[in-house]
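A short worksheet on the structure shown next.
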Amino acid sequence: MMKKTLRAAALTAAMTAMLSGAAFAMPTVTDGQETSEGAVLTYPIVQTDAADAQQRINTVIEDDVKAFMQEIDMARMGNKKTSAEMSYKITNSGDDLLSLKTEQLISEEGAAHPMSYTHGYLFRLSDGKALTLDDVQQMSDRKDHAARYTLDALNHRLTEPKNGAPEGYKPLEAAPKDIYMDADGHIHVLIQRYEAASYAAGVLDIDLDA
């Protein structure tokens, strides 16, 4: 079993921010890491001005990391050789919003193919909320074109030939939770393998502002 030190790492970051008394104009992101045989998981730990917002942000990230760790532990049952990795990148950072992407890959001995996930996050720094497409529609600079960020618009975009609609595509019944903002301020939706198409289609990244 992988040693679960995520909570301790997040609490250490929170204590460091409070004790230093530093005021960050923008969020600070540092590396957290979990390692075990065949697995190296590097994930973001966020520091912000507001302690409550910071805890809320890090809890969302921790929950996804823990879920991936559980998948790794399940794959190792029966003494199967398993390798896994996780990394992240900051896609947009400002005074009001922080956006991140994480990449996860797990390879299990005897499996037909490895499994990968890409998760997206768009956090509001004032309260730490992980924003959804519904929240994006209500943003002051998005209201004039809020229709871009609906489930209907997303399903339409997926079926447009110019977007390389995957063979055997099936409409989504609910908007994906994985969204992020790129460096140009565009909102992207990430659709995991099998959610809308076959494994071969990969993780779909749809730029709703393109």
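For this structure, a couple of remarks:
- Close pairs from the range 168-197: first under 13 Å from LEU208 (Cα atoms), partner in a strand (DSSP E or B) and of a type in the set (Asp, Glu), Cβ under 6 Å, at least 6 apart: HIS186/ASP207; HIS188/ASP205; HIS188/ASP207; LEU190/ASP205
- Residue under evaluation SER198, criteria (1) surrounded by fewer than 12 Cβ atoms within 10 Å (Cβ to Cβ); (2) at pLDDT below 85, criterion not met: (1)
- Contacts under 8 angstrom Cβ, first residue in the range 78-98 being without any contact (Cβ under 8 Å) to a residue 40 or more places away in the chain, partner of a type in the set (A, V, I, L, M, F, W, C) and part of a strand (DSSP E or B), 6 or more apart: LYS89/LEU100
- Picking from residues in the range 105-123 that are crowded, with 17+ Cβ neighbours inside 10 Å and either assigned by TED's automatic domain parsing to the domain that holds ILE206 or free of Cβ contacts under 8 Å to residues at least 40 places away in the same chain (or both), the one that is farthest from ASP49 (Cα to Cα) is GLU108.
- Of the residues contained in the range 141-160, none is found to be acidic (Asp, Glu), assigned to a loop (DSSP other than H, G, I, E, B) and under 30 Å from VAL40 (Cα atoms).
- Unique match (being among the hydrophobic types (A, V, I, L, M, F, W, C), under 17 Å from the mean Cα position of the chain (by Cα) and either surrounded by fewer than 17 Cβ atoms within 10 Å (Cβ to Cβ) or within 24 Å of ALA50 (Cβ to Cβ) (or both)) among ALA147, ALA183: ALA183
- Single residue of ALA197, ALA183, ALA201 found to be outside the structural domain of ASP49 (by TED's automatic domain parsing) and out of contact with any Pro (no Cβ under 6 Å at 6 or more places or on another chain): ALA183
- For ALA165: the one exception among (1) part of a loop (DSSP other than H, G, I, E, B); (2) closer than 30 Å to ALA50 by Cβ; (3) modelled with pLDDT under 95: (2)
- Residue in the range 98-123 that is modelled with the lowest pLDDT, counting only those that are touching a Lys or Arg at 6+ places or on another chain (Cβ under 7 Å) and part of a loop (DSSP other than H, G, I, E, B): GLY110
The values are calculated or read from the model by the stated rules, or taken from the named source; none is laboratory data. What you see is a predicted model, and the numbers here were worked out from it, not measured in a lab. Please note: Cβ atoms are built from the backbone with ideal geometry, for glycine as well, and neighbour counts cover all protein chains shown.
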